[in-house]
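Visitor: Once you've had a glance at the structure underneath, I'll fire off some questions.
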Amino acid sequence: MSDSLHLKKVTLYKNSLAFFEHTNSLDDVKAEKLSSKDKCNSYALDVPMETKDLIVDTLSVTANDGRHCTVNFDSCDTGKNDEDALHERESMGSKVYDFDIGSGRGMGDFLASCVGSRFRIKVEKKGGDFSSGVDLDTIEGLILTVEHKDVVIENSNQVASNVWSVVHMLDTNTCTMRKVNLEDIVDIEILDQYIQEQLMKKLSQTMKRRMPKKKATGRTRISITASDSSSSFIGNNEICVSYVDKAASWECTYRMEIPKEETDAVLLEPSEAAMSIESEPTVKLHLLGNVHNPTDRDWKEIELTLVA
């Protein structure tokens, strides 16, 4: 489980850039009974994917007690979990066997797409009771070809063309070809291990394509791991993560307060001059900074620095 990093300080510049500093405490994980994984502190930093390159180029990670820190730059959207990201990478990087399956497809379409694969098919013997499993004929071999024919639709004069009807199996031991009517098939077993694996992947991809897609957040996660400390540092152990990112430039604004009296003096307040002539009418000039927070992080109770 990764801890989030707390925003501590933001330095805004006039060139639409900002310097962000995050901190978090480092736990004392020196216990010898802990595994190497448990001896590490993990932190998560979610950053915009649009400016990830800038953040990575300027990223600095330090621990004040001298322990080593490693950084893992992930490329998936934070709205997706590890399983979603893995499925996305598999869909983009690997291809699966092109089975002819799905809505509106039948057994003949599937078998026709598996020509050359080894199957074991059980068919009903003519006049037998296949419910008991005794009067079944077992045929094992390679799918050679699948035929279709025109069939008259029952209780009508219409003809359905190109209906799958017969599959031809090749017995590799005797080089004998067996003809099997599709309507007589009771059970089909896939013997080819590759076809089995590819069929599972194909069905999994087909199902996940129909699942509701999670809304993309437009942010990616940078994982930071701090190893167990071997130093004798005394004090608050902290990790500091800083980087430069795009931000809205701050604007300098002024407010002038002019008294009703005609005797004027222009000065910046507070100053020693203002305190020495409190009784005299003065023009007060206030210097203000207009700051806009374009991020989704709250800038509450942080140190803010404005640089011209």
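The values are calculated or read from the model by the stated rules, or taken from the named source; none is laboratory data. Only a predicted model underlies this, so the values are computations on that prediction, with no experimental measurement involved. Cβ sites come from the backbone with ideal geometry, for glycine too, and all protein chains shown count toward neighbours.
Visitor: State the number of residues belonging to region 295-306 that are surrounded by 11 or more Cβ atoms within 10 Å (Cβ to Cβ) and free of Cβ contacts under 8 Å to residues at least 60 places away in the same chain.
Guide: Counting residues in region 295-306 that are surrounded by 11 or more Cβ atoms within 10 Å (Cβ to Cβ) and free of Cβ contacts under 8 Å to residues at least 60 places away in the same chain gives 1.
Visitor: Residue pairs, Cβ under 6 Å, 6 or more apart or interchain, first in region 51-62 and modelled with pLDDT under 95, second of a type in the set (G, A, S) and outside any helix (DSSP H, G or I). List them.
Guide: Hits for this filter: S60/S242.
Visitor: Among the candidates V163, V159, single out the residue that is more than 17 Å from F110 (Cα to Cα) and at pLDDT below 90.
Guide: After applying the criteria, what remains is V159.
Visitor: Continuing with the same structure: I'd like the full set of residues that are modelled with pLDDT under 85 and among the basic types (K, R), limited to region 63-112.
Guide: If the condition is that a residue be modelled with pLDDT under 85 and among the basic types (K, R), then R67, K80, R89, K95 are the ones that fit.
Visitor: Can you tell me which of E238, E301, E257 is at positive phi and modelled with pLDDT of 80 or more?
Guide: Answer to the check: E301.
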